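Take a look at the structure set out below.
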Amino acid sequence: MTASNPLLLEALNLSRFYRLPRRGLFGARPVLKAVDNVSLTLRDGETLGIVGESGSGKSTLARMLMALEQPDRGEVSWMGENISRLSPLALRSRRHEIQMVFQDPYGSLDPRMRVLDSVAEPLDVARPDLSAELRRDAVLEILERVGLTAEALRRYPHQFSGGQRQRIAIARALITRPRILVADEPVSALDVSIQAQILNLLSDLRAEFGLALIFISHDLGIVRYLADRVMVMHHGKVVEEGESEAVFSAPAHDYTRALLAAMPKLDE
Amino acid sequence: MIGRALRHPSFVVGLLITLLVIGTGLLSLFWTPYDPGVMRIMNRLRPPSELNWLGTDQFGRDVFSMLMVGARNALLVGIVAVGIGVTIGVTLGMIAAHGEGSLLDEAIMRACDFTFAFPAVLTAILILTFLGPGVVNAIIAIGIFNIPVFARVARGAALQVMARDFIRAARAAGRTGFSIILRHILPNIAGLIIVQASVQFALAILAEAGLSYLGIGTQPPNPSWGRMLNDAQTFLAQAPLLAIFPGLAIAFSVLGFNLLGDGLRDLLDPKTKER
């Protein structure tokens, strides 16, 4: 369904290595291959799920896709432009097209900033000419869309619950109407009862805004619910990749099978 | 927040002492019982009385009036010296934190270590020997030693803040170096800087008193608590109160600023913040 849609995001042979502290006095510094030769594509309107246990390199990959971290090898393209060749100013002017929701809603909002300013921040960069009134209207509109009211504008993050904060973080990510959203474990820090609400919200917004979504999670059930295609990561490498249903119904790799077997089932 | 502050004993006591010292210093601009510079030799070394509340010194000057003007002097030294430390120190700390691990970071932090390696008061004496005695030079010497303190605190706190997701989120929003520092890092480390400033303020008052006691700080006829101590030394057997009053003034205000710092540290610590 999406194979003919334009390519929005592409990563080619991405690698990121971390040098660890020396173990002994004379030993060489061991190298951790956080992300090892990973390639991926994301087309307009498509949802790509990335699964893997913690430490499998998912978040490092997300940061490189967002140009928050430099890859040691490989390249990332946004809308066909290689971002490593863009000037800092040009990169900045394209950031409104690709936004991110972080795992921990307690850490991803500045505790000293009112919700109004936090949510408006991407807009302030993209449209610095906006009047205070229009800016406030834009924030209010998106806040209402994620289920919050005007009351939230003047308040600080610590006055909200985890689920509400994640709604604020989503509002912030969507205020510039990006074409791509990278969600890095957006519900794993939340109570199970709240997880479903946030996932439904993301699913609704994806349809409403026509988002291409990269959804990162260690929870296969959630990825299966949201993703068209799935990539399974293990020790920084992609071990399996394919249409979501195909991967889940007939996993080809041992690691994927182990992950699926580890999923809790209701009938047991 | 205000209710909680008022229930914090060291904050309240510290704040009251600090306000008393500041109030006295400000009042001395408009009113003192006597002109602290005028000598009345006939009235020398008087004990405390209704006319001279804290007595007179060896030249017949009113001790209470001198203490009042001395408070102003101590505050001036504290504000300017700590101000030098905060502005230059925090700026250097931000530059170092921004380029963490870079050559510039190393250079700034090693320069701070180098300054730390010298005993502060001895080096201030050395600096004053070169610059010449006087209150302005004393402020500069004390200010120089405040710079590395604030640079270190600011760098450490900034690095902690920079590791948090909201800084990544700001970068994802398109913010870059300077505006991230201004909008996200400084507001989040301001509490720590304020706490450090109140502690350094106490130390600056102590340092100025020490330098003036040695005769290389505030010069006559400007009253200074440290110089009053020095003057009183000669008459210690005859009029011990002359040494006790400025000594108490120094101890009292240093205590006040330290208590204020302790209280602020507790109040601004997010771990003790009620949700």
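The values are calculated or read from the model by the stated rules, or taken from the named source; none is laboratory data. Please read all numbers here as calculations on a predicted model, not as lab measurements. Cβ sites come from the backbone with ideal geometry, for glycine too, and all protein chains shown count toward neighbours.
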Next item on the list: Pull up the stretch A:59-71, narrow it to residues that are over 13 Å from the mean Cα position of the chain (by Cα) and crowded, with 16+ Cβ neighbours inside 10 Å, then point me to the one that is nearest to the other protein chains (Cβ to nearest Cβ).
Entry: A:69
Item checked: Lone qualifier among B:177, B:215 - being within 14 Å of chain A (Cβ to nearest Cβ) and modelled with pLDDT under 90 -> B:177
Next item on the list: Considering only residues that are among the aliphatic types (A, V, I, L, M) and either buried (at least 24 other Cβ atoms within 10 Å of the Cβ) or over 9 Å from the mean Cα position of the chain (by Cα) (or both), look in the stretch B:54-75 and name the one that is modelled with the lowest pLDDT.
Entry: B:54
Note to self: Give me the residue from the stretch B:113-149 that is hydroxyl-bearing (Ser, Thr, Tyr) and over 18 Å from the mean Cα position of the chain (by Cα) and, out of that set, surrounded by the most Cβ atoms within 10 Å (Cβ to Cβ).
What the structure shows: B:115
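Here's the yes/no breakdown for (1) within 25 Å of residue B:209 (Cα to Cα); (2) at pLDDT below 90:
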residue	(1), (2)
B:79	yes, no
B:92	no, no
B:122	yes, yes
B:127	yes, yes
B:131	yes, yes
B:142	yes, no
Check: For residues in the stretch B:226-256 being touching a residue at least 12 places away in the same chain (Cβ under 8 Å) and β-branched (Val, Ile, Thr), which is surrounded by the most Cβ atoms within 10 Å (Cβ to Cβ)?
Finding: B:250
Notebook entry, point to check: So which of B:158, B:151, B:163 is closer than 21 Å to residue B:102 by Cα and free of Cβ contacts under 8 Å to residues at least 12 places away in the same chain?
Noted result: B:163
Note to self: From the list A:22, A:94, exactly one residue is without any contact (Cβ under 8 Å) to a residue 60 or more places away in the chain, within 12 Å of chain B (Cβ to nearest Cβ) and surrounded by fewer than 18 Cβ atoms within 10 Å (Cβ to Cβ). Which is it?
What the structure shows: A:94
Item checked: Search result, residues across the stretch A:106-115 that are facing chain B (nearest Cβ under 9 Å) and either basic (Lys, Arg) or crowded, with 24+ Cβ neighbours inside 10 Å (or both) -> A:108, A:109, A:110, A:112
Checklist line | Failed item in (1) in contact with a strand residue (DSSP E or B) (Cβ under 7 Å, 6 or more places away or on another chain); (2) more than 13 Å from chain A (Cβ to nearest Cβ); (3) aliphatic (A, V, I, L, M), with residue B:172 passing the rest | finding: (2)
Checklist line | Residue under evaluation residue A:169, criteria (1) in contact with a helix residue (DSSP H, G or I) (Cβ under 8 Å, 6 or more places away or on another chain); (2) of a type in the set (A, V, I, L, M, F, W, C); (3) surrounded by fewer than 21 Cβ atoms within 10 Å (Cβ to Cβ), criterion not met | finding: (3)
Check: Does residue A:219 satisfy being more than 25 Å from residue A:77 (Cβ to Cβ), surrounded by fewer than 21 Cβ atoms within 10 Å (Cβ to Cβ) and of a type outside the set (S, T, N, Q)?
Finding: yes
Notebook entry, point to check: Would you say residue A:119 is in contact with a Leu (Cβ under 6 Å, 6 or more places away or on another chain) and either modelled with pLDDT of 95 or more or in a helix (DSSP H, G or I) (or both)?
Noted result: no
Item checked: Counted residues, the stretch A:138-159 - those being within 12 Å of another protein chain (Cβ to nearest Cβ) and in contact (Cβ under 8 Å) with a residue 40 or more places away in the chain -> 3
Next item on the list: Just give me the residues in the stretch A:223-238 being within 23 Å of residue A:34 (Cα to Cα) and surrounded by fewer than 18 Cβ atoms within 10 Å (Cβ to Cβ), in sequence order.
Entry: A:235, A:237
Checklist line | Unmet criterion (only one of (1) farther than 29 Å from residue B:221 by Cβ; (2) touching a helix residue (DSSP H, G or I) at 6+ places or on another chain (Cβ under 9 Å); (3) among the aliphatic types (A, V, I, L, M)) for residue B:117 | finding: (2)
